[in-house]
């Protein structure tokens, strides 16, 4: 089954494209939102929106609401939501290069997986890595130029 129960090859290609667009736009939307809200308030509001969306999807798909492991929920919630969202919002609100650190995490994970686990990239993955490098270079150059 594909998206919302639709099985198709088109949905298999559309899903990563939509996810990439949503993640890519997330930084711009957060930057605008943080001009009008405190980072903590902003994170609380976006977390409640995410919770409401998740519960709506669970309800529509007739899935259970309660997790199998509350420990997993608490650990993931602390590290992924509290620390990650909080650090990201504060970095973006400060306007400094701290946001660059958050963007560099996938690159660090990639390099670590190559060095530690011996993973190899396929020919199709290299253009994505190149685009990450270009994006980080543009952001770094802008930060250096503006002194932030």
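Okay, residues lined up against (1) surrounded by fewer than 11 Cβ atoms within 10 Å (Cβ to Cβ); (2) in the same structural domain as residue 23 (by TED's automatic domain parsing); (3) under 22 Å from residue 26 (Cα atoms):
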{"position": "52", "(1), (2), (3)": "yes, no, yes"}
{"position": "72", "(1), (2), (3)": "yes, no, no"}
{"position": "86", "(1), (2), (3)": "no, no, yes"}
{"position": "106", "(1), (2), (3)": "no, no, yes"}
{"position": "120", "(1), (2), (3)": "yes, no, no"}
query = Is there a residue being surrounded by 10 or more Cβ atoms within 10 Å (Cβ to Cβ) and either assigned by TED's automatic domain parsing to the domain that holds residue 125 or in contact with a helix residue (DSSP H, G or I) (Cβ under 6 Å, 6 or more places away or on another chain) (or both) anywhere in the range 58-69?
reply = yes
task = Determine the pairs where a residue that is over 22 Å from residue 91 (Cβ atoms), located within the range 5-34, has a partner that is at pLDDT below 80 with Cβ atoms under 7 Å apart, the partner being 6 or more residues away or on another chain.
result = 7/1; 8/2; 11/2; 11/3; 12/2; 15/3
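The values are calculated or read from the model by the stated rules, or taken from the named source; none is laboratory data. Since we're looking at a predicted model, the values are computed, not measured. For neighbour counting, all protein chains shown are included, and Cβ atoms are generated from backbone atoms with ideal geometry for every residue, glycine included.
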